[in-house]
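Here is the structure we will look at.
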Amino acid sequence: MEGIFVLLMPLLAFLIVAFFGRRIGDLTSGIVVVLGGAFSFVFSLYMVFKSLHSPVQIKLYEFLPLEGYTLTVGFYFDPLSSITAAVVTFVATLIFVYSIGYMHNEFGKWVYKFYAYLSLFLFAMLLIVLSDNLLGIFFGWEGVGLASYLLIGYYHNQKKATNASLEAFVMNRIGDWLFIFGIIATFLIFKTLDIVEIFERVPTTESALIGLATLLLFGGAVGKSGQLPLHTWLPNAMAGPTPVSALLHAATMVAAGVYMVARLYPLFESAPQTLKVVAVIGGLTALFAALAATSHTDMKKIIAFSTMSQLGYMFLALGVGDMGGAMFHLTTHAFFKALLFLAAGSVITAFHHRLYDIYNFGGLKKYMPITYASFTVGALALAGIFPLSGFWSKDRLIGSYYEASFVWGLLGTVVAFLTAYYIFREGFVVFHGEERYRRFSEHEPHEMGAVMTVPMVVLGVMAVVAGFFEGWYMHAIGGEHKEIHLNIAVTSVSVGLVGILIAYLVFVRRLLSPEGAYSALKPIAQTFREQFFTEKLYHRGLAKGYMLLSRATYFVGDRFLIDGSINLSYRGFFRMAKDVWKAFDIKSIDIFIHWLATTSFRSGRLLGNLQTGLLNNYVLFLLIGIIIILGIMLYALDRVKG
Amino acid sequence: MEVVRGDFPFVSLSIILPAVSALLVVLLRERYAKAISVVGAGITFLLSLVVLYLFDYSRSSSVQFYEEYSILKEFNVKLALGLDGLSLIMYFLTTLVSLVAILWSVRDKQISTRLKEYYVAFLLSESFLVGVFASFDLIVFYVFYELTLIPMLFAIGIWGYKLRLYSAYKFFIYIFVSSLFLLLGIASVSAQHYFQKGSFSFSYFDLLKLSYPEGLGIFFFLLFFIAFAVKTPLVPFHTWLPDAHGEAPTAGSVILAAILLKMGTYALLRFNVGLFPEATIKLMPFMVAIGIITIIYASWMTIVQNNVKRFVAYSSVSHMGFIVTAMFLLNHEGLRASVIEMFAHGMTSASLFMMAGFIYNRLHTFNMNSLRGSVKFMPLFAVIVAITAFAAMGLPGGSSFWGKFLTILSAREYSYTLALLVLVGGFFSAAYVLYMLKTLFLDVKEESILIHFKDIRGVMLVSFLFLIVPILLIGFFPHLFFSMFDGSIGYILRHILRLE
């Protein structure tokens, strides 16, 4: 039962901060959230230790009985889930610490909300990682979507941020509904949602539906991990504060898609067609995002596209059958990507959150040495340079690609080259060269406090050393250990170095004027920058078109057809009533009544003569009346009896 | 259907209590009106909690707390009151939402004139609504069903907004004309009983035993259906609803959306499915099609509304489409989905209309755009609205999730296309909910008139909490609610439709 604390800690922190945040203040809220994450990390380490011996399954309570199966709340700790949980909580805790520094200048403006959302985010992510059934994963899945909506739109008075959060949620909803559809299809095949039971039943189940079910489940992963074609929300999500971007891109949210496919890998393995789709989408996204990253100039968006590209890598690996490699890359990626984002956030904080374009910085390396070092370590790891962590995981993946097919391998190598180029382009432009920021600010930038630098240093260390644990990791999660292919390793490292060299020559040595090259290649750069115009298509075409169409339908359907006909019949009814009234009431009935009135008036006069005023006459009339009435009554009684 | 007589007349007491409070409001002075009606509705709510506690959940298919009083011997009309699982949850919904509506009115600034009449209208409508859900005699049902119209008509016509008279008449004519079909249907069913069994009967239990020739069954089904389709409402009979909601006072909208519409769906399940099982199975594709059209069409229309009340009204129509679709899928999960969604929508729609009323109290407009950026000044209110809106959207942990999840699950039993159509509806709902939250609370940088706003508190906050708590309870502990009516649904499936 100790495992429950892994989830309980962030939940508790969330509840404390949500309910009492205003009272305990922003700083205390931040500390509470950090403590929640840290304790959760400690407990998850303990669970890693425990689950290495044997997997643990915890059942909490029953949700709802269905026919033949009861929905429950339960958690499953095996090496895969508990190691992922440990990585998630570790990275998240560091980001929480960092965010205390990052949000420092906004303290007093209800920043506790921000910490509450962060904690909720972590809780939801852990729900995905640790749930033992698909419905539990879906609860976490939606929870992550909700928390990201709240965090991306944190600056809720900026239109950019709220639009981005809306887009993120809507796009995720598409994926989510596919996901729940997939869950239902899985349920109908296996009659259970418990993942352990599903794995037991996979070998004995022969069903054509597995292909469809896995495809739908993968649809959910596409939405959550920002793969093609549900990708436009991911770069726009950079409108949120930088710690959010780091959290979103490193350990939580986008990693959820990859993790889910890896978690259900035995299921996916029994549907080879789906794996092909996974590979194609992953490969295309890796290339697509890498190309987009080469031409963007927003500091955070470049890293965002890089995440998308690396996720594509992982999906490609899953598609070609290297689940262990994909999960290992997910882990190392969590470290160096968080590092890159934190370094970027540090630069942005140094300029008081006003500058984002990389061409507005420059020459920062002597003012911010720790940030510079962190960024460089992160970039080297991302580029896959020996012996940083990225090298080990990436090489393994590229090796697997070549094993599957030459095309995938080539694609992996090309993307590796592009990756090294774009990340070092950003690094060189921001940290080297002339100090372009002087146009905007008088002050010299300086390193932020220890709250922000310590997490970067810790992550930097992890980004360097995490790669050495490849053998242990594979052993733990039951993946096969692969030796490094020397020729592939040499190729990809040298390709990476070439990328770095080009970036260096162009952006530092300026052998080739970047501005000149940009104007020469403008059409291509523009295409990359606009993500092959997909974003425009979605925003202008689909969203606007939908609004227009529904407006038109509203006026034609509801207003014109239904209400129109009702109003018409209502008015027609009155007009007819008026006509009938004139024809009948006035002309016929009234005339009759009038006649009746006049005749009765006249006859009244006639009868008036009877009123003689003599008592005995009245008695006589009374008597006659009584006799008549009695007669009628007697007659009636007679009839009734008879 | 099994009948268990109660030792204590709980049901008739719940009908009489609000009526007596209404009488007290009439007799005493105006300044006591609020206190009396809150206490009256509160006691009725507590009574319903007692009933919930005493209800025997192991036999929820039988009618419990049954009472019977003869009214018209010649035609066999009896005041037959009782609660089975299905009635129970609707009864609980009625007492809960009525209490919330009355509590809300206490602080509603729009209600400044004719206080006595106002509270009388709401107390009477509570008592009639309990009557609707508890009666097992068709004539009694019809009388209560029609009576509910009257307090609502006055609520809209007297305490409504600008176009209140137009809306009130539209509401009245739509519903009244359609329920004439119901009367005709009830009369003909009873006549059928006369031809088959030799005596008139309006008792639900007697009519359950009848069977009809195919054509006649379908004809009767349609007679009942027209009345309930207008009430529910289903597309294309829905245009009275946005108008009625747009002009009704807040508490009126709350009662209208949360309970009055449920009369339609409840009656569809109780009478259409219950009395004409063969016709139901025959007409199933038609009904499901109407349901799906309603879901998609209404959620499509929602997003273009500028008036926040009309916005919520259209989203209600879309939810009712979910309920009807799920109901006529005629399998276990589908029926469960439809009933839980009835309750869930009662909670969320009531809360959303209260949100609209709150906005009007502050701004004197229903225009959605005028509130932009208000999250800064009313964070608690925004959180409450967000919880409700996300629950309505079908986010897990909220009340509507189970309804939608089970609907898709049961739709999938027929075909993937059907399930996909339901999904599309669900997706649209996400779009409009997010759009609404964004328009109401987010954006806008400059300080505006909103700066003088105070956050929600006091009685209004309490009345919101009465709705938020059940929303989260359904989301995280659905078993509590499903156990109320699972037995009834099993009975309908096994003994009436004979599908299992």
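The values are calculated or read from the model by the stated rules, or taken from the named source; none is laboratory data. For clarity, every value in this text was computed on a predicted model and none was experimentally measured. Counting neighbours? That spans all protein chains shown, and the Cβs are built from the backbone with ideal geometry, glycine included.
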For this session: Could you name every one of the helices (runs of 4 or more DSSP H) located completely within region B:112-172 that has at least 1 residues being over 29 Å from B:THR239 (Cβ atoms)?
Result: B:115-134, B:138-147
Exercise. Among the residues of region A:73-88, is any within 14 Å of chain B (Cβ to nearest Cβ) and under 23 Å from A:GLU2 (Cα atoms)?
Worked result: yes
Exercise. Out of (1) under 20 Å from A:GLY321 (Cα atoms); (2) touching a helix residue (DSSP H, G or I) at 6+ places or on another chain (Cβ under 6 Å); (3) away from chain B (no Cβ under 14 Å), what's the single condition that is false for A:ILE195?
Worked result: (2)
Exercise. Which ones in region A:297-321 are among the polar types (S, T, N, Q), buried (at least 24 other Cβ atoms within 10 Å of the Cβ) and over 27 Å from A:GLN273 (Cα atoms)?
Worked result: A:SER306
Problem set entry | Odd one out for A:VAL506 among (1) within 36 Å of the chain's Cα centre (by Cα); (2) among the β-branched types (Val, Ile, Thr); (3) within 15 Å of A:TYR421 (Cα to Cα) | (1)
Seminar exercise, completed: Considering residues that are small (Gly, Ala, Ser), within 9 Å of chain B (Cβ to nearest Cβ) and under 8 Å from the mean Cα position of the chain (by Cα), the number found within region A:144-175 is 1
Exercise. Does B:PHE377 satisfy the condition of being surrounded by fewer than 21 Cβ atoms within 10 Å (Cβ to Cβ) and not small (Gly, Ala, Ser)?
Worked result: yes
Seminar exercise, completed: Of the residues in region B:306-329, those that are crowded, with 22+ Cβ neighbours inside 10 Å and not in a helix (DSSP H, G or I) come to B:LEU329
Exercise. Any residue at all in region B:279-289 that is within 14 Å of another protein chain (Cβ to nearest Cβ), in a helix (DSSP H, G or I) and closer than 22 Å to B:LEU418 by Cα?
Worked result: no
For this session: Examine region A:419-430 for a residue that is part of a loop (DSSP other than H, G, I, E, B), within 22 Å of A:ALA338 (Cα to Cα) and touching a helix residue (DSSP H, G or I) at 6+ places or on another chain (Cβ under 9 Å), and state whether such a residue exists.
Result: no
For this session: Return yes when B:SER48 is among the hydroxyl-bearing types (Ser, Thr, Tyr) and either surrounded by fewer than 14 Cβ atoms within 10 Å (Cβ to Cβ) or more than 27 Å from B:LEU103 (Cα to Cα) (or both) and no when it is not.
Result: no
Exercise. Which residue out of A:SER99, A:SER82 is touching a Gly at 6+ places or on another chain (Cβ under 9 Å), closer than 17 Å to A:LEU127 by Cβ, buried (at least 20 other Cβ atoms within 10 Å of the Cβ) and not aliphatic (A, V, I, L, M)?
Worked result: A:SER82
Exercise. When the residues of region A:357-412 are filtered to those that are of a type in the set (Lys, Arg) and at pLDDT below 80, which remaining residue is farthest from A:THR294 (Cα to Cα)?
Worked result: A:LYS366
Exercise. Checking B:ALA431 against (1) surrounded by fewer than 21 Cβ atoms within 10 Å (Cβ to Cβ); (2) within 8 Å of chain A (Cβ to nearest Cβ); (3) closer than 27 Å to A:ALA161 by Cα; (4) among the aliphatic types (A, V, I, L, M), which single condition isn't satisfied?
Worked result: (1)
For this session: Give me a count of the residues in region B:411-422 that are touching a Lys or Arg at 6+ places or on another chain (Cβ under 9 Å) and within 8 Å of chain A (Cβ to nearest Cβ).
Result: 1
For this session: State whether the residues of region B:400-407 include one that is more than 9 Å from chain A (Cβ to nearest Cβ), surrounded by 24 or more Cβ atoms within 10 Å (Cβ to Cβ), within 23 Å of the chain's Cα centre (by Cα) and farther than 19 Å from B:VAL469 by Cβ.
Result: yes
Exercise. Given A:PHE75, A:PHE63, which one is modelled with pLDDT of 85 or more, buried (at least 19 other Cβ atoms within 10 Å of the Cβ), within 30 Å of B:PHE405 (Cα to Cα) and touching a strand residue (DSSP E or B) at 6+ places or on another chain (Cβ under 7 Å)?
Worked result: A:PHE75
Problem set entry | Test: residue in region B:376-392 that is farther than 30 Å from B:ILE496 by Cβ and outside any helix (DSSP H, G or I) | yes
Exercise. Does A:THR349 qualify as being surrounded by 24 or more Cβ atoms within 10 Å (Cβ to Cβ), in a helix (DSSP H, G or I) and polar (S, T, N, Q)?
Worked result: no
For this session: Being modelled with pLDDT under 85 and either surrounded by fewer than 24 Cβ atoms within 10 Å (Cβ to Cβ) or more than 21 Å from A:ALA250 (Cα to Cα) (or both) is the filter here, so list the residues in region A:214-229 that pass it.
Result: A:LEU228, A:PRO229
Exercise. How many residues does region B:457-490 hold that are more than 14 Å from every other protein chain (Cβ to nearest Cβ), more than 13 Å from B:GLY397 (Cα to Cα) and crowded, with 21+ Cβ neighbours inside 10 Å?
Worked result: 4
Exercise. Inside region A:472-523, can you point out the residues that are part of a helix (DSSP H, G or I), of a type in the set (A, V, I, L, M) and free of Cβ contacts under 8 Å to residues at least 60 places away in the same chain?
Worked result: A:LEU486, A:VAL490, A:LEU501, A:LEU505, A:ALA517, A:ALA520
Exercise. What number of residues in region A:184-213 are free of Cβ contacts under 8 Å to residues at least 60 places away in the same chain and either crowded, with 24+ Cβ neighbours inside 10 Å or touching a Lys or Arg at 6+ places or on another chain (Cβ under 8 Å) (or both)?
Worked result: 5
For this session: Considering only region A:119-167, state which residues are of a type in the set (S, T, N, Q) and either farther than 12 Å from B:LYS438 by Cα or part of a loop (DSSP other than H, G, I, E, B) (or both).
Result: A:SER119, A:SER131, A:ASN133, A:SER148, A:ASN157, A:GLN158
Exercise. Counting only residues that are among the charged types (D, E, K, R) and within 9 Å of chain B (Cβ to nearest Cβ), which one in region A:538-558 is nearest to A:PRO235 (Cα to Cα)?
Worked result: A:ARG551
